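Reviewing the structure listed below.
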């Protein structure tokens, strides 16, 4: 009892110290990330107002000018040596009565996942009050979601959740251990059933984290499965850069800066090695290991990969999704994957895939290439389904396409 | 052949556009994240020089002053209303001949994982040239690793990798679906063996991502298992905030700002619910479901949780690790978990845990509380192992403690 009493004695002192630690951490967090105490509170940014206008705030007392730039603002034309392009617009923040820079959008924003950064005296910085960020290649931007019918699918809702694993597999053909992201739907672990598998491929500059982070694929699948719109399915998100073990920071190359310019991305190497991934999944998960239990879809370069992988393996996939696919001509210098394009496509369609689904934005720079490809399908009487959306080669479209495609697969077709 | 010919015709145009897209993305990435072309290259920051000095760079043409602050610099005293504290030091960057702000450390840095941010005219920002960041509660800092014997364990090396899953389990006692991080060692999926399990708990303000991100637990385990220093083991990293479903951004609460001040963190709730987690793991993984196959360890609040969970369940864990444990007195207002402390400890030690391991930094604010606790153990003749390190209540120590503790468990003791 003596020792216990000793502990009792030091009680108030320790408790005081621990509370103090909490205060210090909190103060430090304010100083570092939430910038400053303001009006007895921390700076809130972004603040989504009741009418879906959004207020951005920054405490930068020494700045001469502060702007916000992001895809929620009307685009502006930017001249570059390569031509004129649409770039995200900018808006000026003004110092409010508390000395805090502030801007509120004049219009209500339509439901979407938006990204933004600040420009402080022209220096691009992230919003210190918002820890929610996404990395796209070497750019990190802050994000926020305006709620609505479509974006409800992007949110973590109180529905049963699937599990997400970072899984390493051995690729003898590439001579690498490689990492992929595997989503198993709610119930998978407690069931004895076999599940269909969607292989979901990223674009150039992406990696095995792209669909689960930028694409909100986990939330989309959780929500579509919970509502009954999509069948419970496994979703496999591999790394489509054949020279890479894994996403930046997750490889034995060390913490090197990410780049879009990687070797062996669209030269047939990844397509040729793809059956290794399917074999790994079929041997390590309870899958419907047959054509009717497999779908493949991808965005941009991943659409190109999906096109070629499905045509090289005409008995492997019943559902093919090309999202803003980078339909490029065959590369003369590389793999036999790209030879006899029409002949192989003929074989694929003779075997009647259940769904060949194509979507693209009407201002996508790949619009014409996709139109040519659709003409080839039309002229040969190959059936496919086509969805055209506004906007161009952007994640907004790919999240929407996944939300549309996932409910269509592993079901009898209309 | 006509259609194929058509595709051939548009070839150069599409290819040109795709290359252009790559250029645009790259230019955009430069503009956004790597700031500016400089000397025909992008800005490299931080640059770890051959002698382990480090150079930081920032392109901020309009800034009046730029500083770097981080734990690689000597600490400085900061006065606050709560007293005087050690804070990370700062160093001034100077504009170099290219107009880029630059600072090189005067001394070689010793091997460690360091974190830093910039101060631009007093505004704290992250390094736009470095995508490698860690979030600690509401603060995001950049990181870099100086290589060395200890920090080799923190790197992704070319060794077989374990898989890491974000797993949802149902907690009837907390009335929540909750998320945890589960590491399965290399070989687990292809084996029929049962594996021992280390339960690894985070501190106040942390969550189920803390050990795998800030703690580099995945890399540490991969490397210790590859070298044969540690036994292959499952590592379960639950969320110790009993009011929380999951880490910020992963919950149905939406993207709310993270905070250290959560309800039900040290009131016995989490400790009482803990057997649910063990049951989930034992029923969903191939575990050695017995005392000799279970370890529990945690940092700070997680050390407190480990102490109480292991004493409440004296037949559950053979290996207990208290890392800078927040050994607080019993909370009168809460759970019976904290009652009869000495009696329950007696029962636990009568059952002879294989290893009771305590570590703390000599400048930790919890040093005295741990000393009192060790005195209680000494006075009762309860065997334990004690490690004292330099420094205080910081992640540097917790990464080291995990590197020391993991090789000691699931093995005959010295």
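Values computed for the structure shown
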quantity: Selection count, the stretch A:291-341, where residues are outside any helix (DSSP H, G or I), away from chain B (no Cβ under 12 Å) and modelled with pLDDT of 95 or more; calculated: 17
quantity: Qualifying position, being at the interface with another protein chain (Cβ under 10 Å from one of its Cβ atoms) and over 27 Å from residue A:114 (Cα atoms), among A:157, A:170; calculated: A:170
quantity: Residue in the stretch B:262-275 that is buried (at least 19 other Cβ atoms within 10 Å of the Cβ), within 14 Å of chain A (Cβ to nearest Cβ) and under 18 Å from residue B:405 (Cα atoms) present; calculated: no
quantity: Residue B:79 being at pLDDT 95 or above and exposed (fewer than 15 other Cβ atoms within 10 Å of the Cβ); calculated: no
quantity: Number of positions in the stretch B:249-259 that are surrounded by 15 or more Cβ atoms within 10 Å (Cβ to Cβ) and more than 8 Å from chain A (Cβ to nearest Cβ); calculated: 0
quantity: Considering residues of the stretch B:383-395 that are more than 14 Å from every other protein chain (Cβ to nearest Cβ) and surrounded by fewer than 17 Cβ atoms within 10 Å (Cβ to Cβ) only, the residue modelled with the lowest pLDDT; calculated: B:391
quantity: Residue within the stretch A:144-152 that is in contact (Cβ under 8 Å) with a residue 12 or more places away in the chain, crowded, with 21+ Cβ neighbours inside 10 Å and more than 10 Å from every other protein chain (Cβ to nearest Cβ) present; calculated: no
quantity: Residue A:182 away from every other protein chain (no Cβ under 11 Å), under 30 Å from residue A:112 (Cβ atoms) and in contact with a strand residue (DSSP E or B) (Cβ under 6 Å, 6 or more places away or on another chain); calculated: no
quantity: Test for residue A:24: is it at pLDDT below 70 and surrounded by 13 or more Cβ atoms within 10 Å (Cβ to Cβ); calculated: yes
quantity: Strands (runs of 3 or more DSSP E) wholly inside the stretch A:49-95 that include at least 1 residues being within 9 Å of chain B (Cβ to nearest Cβ); calculated: A:54-58, A:76-80, A:83-87
quantity: Output for the stretch B:142-162, where each listed residue is in a strand (DSSP E or B) and in contact with a helix residue (DSSP H, G or I) (Cβ under 7 Å, 6 or more places away or on another chain); calculated: B:145
quantity: Tally, over the stretch B:276-290, of residues that are within 14 Å of another protein chain (Cβ to nearest Cβ) and either in a helix (DSSP H, G or I) or crowded, with 24+ Cβ neighbours inside 10 Å (or both); calculated: 6
quantity: Count - residues of the stretch A:99-141 that are outside any loop (DSSP other than H, G, I, E, B), under 23 Å from residue A:216 (Cα atoms) and touching a residue at least 40 places away in the same chain (Cβ under 8 Å); calculated: 10
quantity: Options B:222, B:207; residue that is out of contact with any strand residue (DSSP E or B) (no Cβ under 7 Å at 6 or more places or on another chain), closer than 21 Å to residue A:164 by Cα, surrounded by 23 or more Cβ atoms within 10 Å (Cβ to Cβ) and within 10 Å of another protein chain (Cβ to nearest Cβ); calculated: B:222
quantity: Qualifying positions in the stretch B:345-382 - in contact (Cβ under 8 Å) with a residue 12 or more places away in the chain, part of a loop (DSSP other than H, G, I, E, B) and away from chain A (no Cβ under 14 Å); calculated: B:351, B:353, B:354, B:362
quantity: Residue A:246 vs. criteria modelled with pLDDT of 95 or more and away from chain B (no Cβ under 13 Å); calculated: no
quantity: Answer residue from the stretch B:383-398, given it is part of a helix (DSSP H, G or I) and in contact with a strand residue (DSSP E or B) (Cβ under 7 Å, 6 or more places away or on another chain) and is nearest to residue B:323 (Cα to Cα) among those; calculated: B:398
quantity: Any hit, the stretch B:115-123, residues being under 19 Å from residue A:247 (Cβ atoms), at pLDDT 95 or above and surrounded by 21 or more Cβ atoms within 10 Å (Cβ to Cβ); calculated: no
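The values are calculated or read from the model by the stated rules, or taken from the named source; none is laboratory data. Worth saying up front: this structure is predicted, and the values here are computed from it rather than measured. A quick note on method: Cβ atoms are made from the backbone with ideal geometry, for glycine too, and the neighbour counts reach across all protein chains shown.
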